[in-house]
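**Student:** Below is one structure. I have some questions about it.
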Amino acid sequence: MPPAATRPCALAILPAEPTTGDLEAAYVLRGAQIVACDGARRLAVETLLAERAMQAAQRTGQGAGR
């Protein structure tokens, strides 16, 4: 499995005594981080599946010519 598919997502952490502004900023930042992480994971998995499909097609194509 590609590292991007298994790597934990980085998420914003609140300071020890957060203000309302800290909470609002972390909420927005975490949302963006989750979207970016999910996209990277999805792309890594789609790439892996495409590679496997190409390898399977190549193996099938090589076996049919013999």
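**Student:** Taking all protein chains in place and a 1.4 Å probe, what share, in percent, of the accessible surface of the chain do carbon and sulfur account for?
**Tutor:** Of all accessible area on the chain, carbon and sulfur atoms account for 62 percent.
**Student:** A further question follows. Select from ALA12, ALA44, GLY61 the residue farthest towards the positive end of the dipole of the chain; place +1 on Cβ of Lys and Arg, -1 on Cβ of Asp and Glu, and compute about the Cα centre.
**Tutor:** The residue sitting farthest along the positive end of the dipole is GLY61.
**Student:** On to the next question. Place a point 7 Å from Cα of LEU48 in the direction of its Cβ. Which residues in region 3-42 have their backbone N less than 12 Å from it?
**Tutor:** It comes to 3-7, 41-42, nothing else.
**Student:** Can you tell me the accessible area per residue over the chain, all protein chains present, probe 1.4 angstrom, in square angstrom?
**Tutor:** Value returned for the chain: 81 Å² of accessible area per residue.
**Student:** To the nearest µm²/s, what D does Stokes-Einstein give for the chain at 25 °C and 0.890 mPa s, using the Kirkwood radius over alpha carbon pairs as Rh?
**Tutor:** Estimated diffusion coefficient is 165 µm²/s.
**Student:** Going 7 Å from the Cα of GLN33 toward and past its Cβ, which residues in region 1-22 have a backbone nitrogen under 12 Å from where you end up?
**Tutor:** Taking a point 7 Å out along Cα→Cβ of GLN33, the residues of region 1-22 whose backbone N falls under 12 Å are 8-15.
The values are calculated or read from the model by the stated rules, or taken from the named source; none is laboratory data. Predicted, not measured: the structure shown is a model, and the values here were computed from it. Cβ coordinates were reconstructed from backbone atoms using ideal geometry, including for glycine residues, and neighbour counts include every protein chain displayed. Areas reflect the complete protein model, heavy atoms only, side chains present, ligands, DNA and RNA absent. Shrake-Rupley method; radii C 1.70, N 1.55, O 1.52, S 1.80 Å.
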